[in-house]
Amino acid sequence: MIDELPWQEIFDAINDAICVLDPRHRIIKCNQAMCRLLKTTESRIVGRPCWEAIHGTDRMLADCPCRRSAASRRRESFNLKFDQRWFEVSVAPSFDEEGQVQRYVHVMRDVSHLAHEELALRETRQTLLTILDSIDAIIYATDLETHVPIFMNRHMRDIVSDDLNNQPCWKAFYHRDEPCTHCRDLQLLDAQGNPTDLHVCEAMNDEGTRWFLHHDRAIKWVNGRWVRLHVATDISAVKFLEQERRQTEARLRQAQKMEAIGVLAGGIAHDFNNILSAILGFSELALDDANRGQSNPAFIGQVLRAGERARELVQQILTFSRQTESEAKPIQVQPILKEALKLLRASLPSTIEIESAIQCDAVVQADPIQIHQVIMNLCTNASHAMRQCGGRLEVSLREEALSGEEAQKYPGLQAGRYLKMVVADTGHGIDPNNLERIFDPYFTTKEKGEGTGMGLAVAQGIVHACGGAVGVASTPGKGTTFTIFLPIIQQGSPVHMSHENLVPIGREHILFVDDEAPLAELGKEMLERLGYRMTVHTSSAKALYLFEQQPDAYDLVITDMTMPGMTGDALAERILALRPDIPVIICTGYSEKVTQEMIDRLGIRALIRKPLVRGDLGRAVRQVLDGERPAPII
């Protein structure tokens, strides 16, 4: 039985080093663990003060737990390094009936392993803090319920004050009265209380000067509660570089477009001369007949058709030269290719023959202006290679189905149906040493002043953006072949809605304003023949004065955009301020100032592109007066 074991045997079996002290701190009893610790026998330490026997000093320690326990009348302890080991030294006092210290029980427990673990934990914590403080990002943790910050790294501490007064993060960090926008809808825990996925978003700071990439997730803190860990990385440099790259690319694309326009100039001049010849010639013949009291509608029809061709050509030039963002949409390449070759033919010398085989009307997703740019670039490069000795330019367009093995020859392509465009020449070819560099920006073999070196790089970028690929093969002295693949999205021609031939009529009163007298007279005649009552002015200021006198006298206002003194948008704004319900139509030949934002802001009902055609004008007027919003004509 345990009660029958001798007291000394139990005392000596304890691994902790124990000794009993008298009120004067002299050792009166110790166990074998204490003897082993001090490397001596009990007889040699009994009767000696503890500081002498244990610590080897001639006086009591300043922080002696015996002295503290006598004062506090309870157990006192401290940590002591002894013989290269750490011990927890505890002293429990025992008192007699009069409350005087009768003895002390002095226990030394080896806690070296705990000290090492604590040291390792401190070192680990310090290492972690050092890493977090060295990261050039905002890192902090907040309580998931109160949103009060409980940790911040150095980068965050440098931004905010030390005294946060237990305020939620949005008030403590950003001086707001409510949670930040990107945090309001954060769901960091699901319905079962489990953490959701990492939430990532981009946002600018309140000043609008820096971009940050925010990461939020729920993590379990040291005390077991869930907290929100937030990491925000400054990505301003990347965003600004990206913005600069887009701007540079836009400038380069525009420069390359202008280079292509220069090549087109000869073809455009040729076409315009033909158009003007038809207009002038048939107008003279029609005037001769009119002077003799005769009428020849065929001559007038020729003038109208020539005018339509001129309008389409001007629209092409303006659209091609306009500095706008590309807009990919379903298009057919076939008509774009035919029109480009038609304009190109007039600008090429007669020594260069053009052969075309355009057989496919499939639809691809692309920007038509950019596709026109690619075609012109490849064709002008081909003509440049043949300008000295002449040759043959071959252009083909057809559908081709690529197998997986065939598609692997072109980076980024997969098996499928593609529109294949081939531009081949019989020129001098490309040196094999230059073949791999021809798509590099600014690389050119042309003489100084003959090219920017951006044409093929831009063309390749356009094709890749459409999900396609460009291939090239060349033999010096025999010619070069460029092959373009564009993924097909549908087969056949898109459906085009034809305009109704009949032009609707009306009897409303219209105020028509254009500073060009012939155009003002033209608008008046067109609309009067459709039944409308017309008041026409060539001065926007006089037109405004007239409207101010009788704002309810008119049912519609049509105004030119570019006019001296007061532009069309300014006139529309003044008129709508006087009478917000009156519909306004703006006519324009070409103006960068006319934007969708301006139209919506002013409340403009329709926008008509010059030159005015009676059918388009009549239909737009009728739709606006009937309360409809016609499709934009520009």
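List of remarks:
- Exactly one residue out of Ser347, Ser321, Ser283 is more than 30 Å from Thr426 (Cα to Cα), modelled with pLDDT under 75 and surrounded by 12 or more Cβ atoms within 10 Å (Cβ to Cβ), and it is Ser321.
Rundown of residues vs (1) aliphatic (A, V, I, L, M); (2) at positive phi; (3) at pLDDT below 95, yes/no style:
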site	(1), (2), (3)
Ser539	no, no, yes
Ala543	yes, no, yes
Asp552	no, no, yes
Gly565	no, yes, yes
Glu573	no, no, yes
Arg579	no, no, yes
Pro583	no, no, yes
Cys587	no, no, yes
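- Residues (surrounded by 12 or more Cβ atoms within 10 Å (Cβ to Cβ) and out of contact with any Leu (no Cβ under 7 Å at 6 or more places or on another chain)) located in the range 145-158: Thr146, His147, Val148, Ile150, Phe151, Met152, Arg154, His155, Met156, Arg157
- Conditions (1) under 28 Å from His113 (Cα atoms); (2) at pLDDT 90 or above; (3) in contact with a Cys (Cβ under 9 Å, 6 or more places away or on another chain): number failed by Arg26: (1)
- Any hit, the range 83-102, residues being in a loop (DSSP other than H, G, I, E, B), of a type outside the set (Gly, Ala, Ser) and in contact with a helix residue (DSSP H, G or I) (Cβ under 9 Å, 6 or more places away or on another chain): yes
- Looking across the range 220-237, the residues that are free of Cβ contacts under 8 Å to residues at least 24 places away in the same chain and hydrophobic (A, V, I, L, M, F, W, C) come down to Val222, Ala237.
- Annotation for the range 80-95: no member residue is outside the structural domain of Asp12 (by TED's automatic domain parsing), aliphatic (A, V, I, L, M) and surrounded by 11 or more Cβ atoms within 10 Å (Cβ to Cβ).
- Among the candidates Gly47, Gly56, the residue that is outside any helix (DSSP H, G or I) and free of Cβ contacts under 8 Å to residues at least 12 places away in the same chain is uniquely Gly56.
- Selection status of Gly390, more than 16 Å from Gly471 (Cβ to Cβ), at pLDDT 80 or above and not acidic (Asp, Glu): yes
- For the range 13-29, the criterion of being among the acidic types (Asp, Glu) and loosely packed, with under 15 Cβ neighbours inside 10 Å is met by none of the residues.
- Restricting Leu527, Leu519, Leu546, Leu571 to residues that are more than 18 Å from Arg619 (Cβ to Cβ) and in contact (Cβ under 8 Å) with a residue 60 or more places away in the chain narrows the list to Leu519.
- Which numbered condition Ile235 misses (of (1) in contact with a Phe, Trp or Tyr (Cβ under 8 Å, 6 or more places away or on another chain); (2) modelled with pLDDT of 75 or more; (3) farther than 21 Å from Asn153 by Cα; (4) of a type outside the set (Gly, Ala, Ser)): (3)
- When the range 460-504 is filtered for residues that are outside the structural domain of His372 (by TED's automatic domain parsing) and modelled with pLDDT of 85 or more, only Pro504 remains.
- Matching residues, the range 107-162, being acidic (Asp, Glu) and not in a helix (DSSP H, G or I): Asp110, Asp136, Asp143, Glu145, Asp162
- Search result, residues across the range 599-628 that are modelled with pLDDT under 80, assigned to a helix (DSSP H, G or I) and surrounded by fewer than 16 Cβ atoms within 10 Å (Cβ to Cβ): Asp600
- Of residues in the range 46-67 being at pLDDT 90 or above and surrounded by 15 or more Cβ atoms within 10 Å (Cβ to Cβ), the one farthest from Ile28 (Cα to Cα): Pro49
- Considering residues of the range 102-130 that are within 29 Å of Ala71 (Cβ to Cβ) and of a type in the set (Asp, Glu) only, the residue surrounded by the fewest Cβ atoms within 10 Å (Cβ to Cβ): Glu118
- Listed by first and then second residue, the pairs with beta-carbon distance under 6 Å, at least 6 apart or on different chains, first residue in the range 424-447 and in the same structural domain as Ile352 (by TED's automatic domain parsing) and under 14 Å from Gly471 (Cα atoms), second part of a strand (DSSP E or B) and modelled with pLDDT of 80 or more, are Ala424/Glu394; Ala424/Thr481; Ile430/Ser474; Ile430/Thr480.
The values are calculated or read from the model by the stated rules, or taken from the named source; none is laboratory data. Keep in mind it's a predicted model, so treat the numbers as computed, not measured. All Cβ positions, glycine included, derive from the backbone under ideal geometry; neighbour counts span all protein chains shown.
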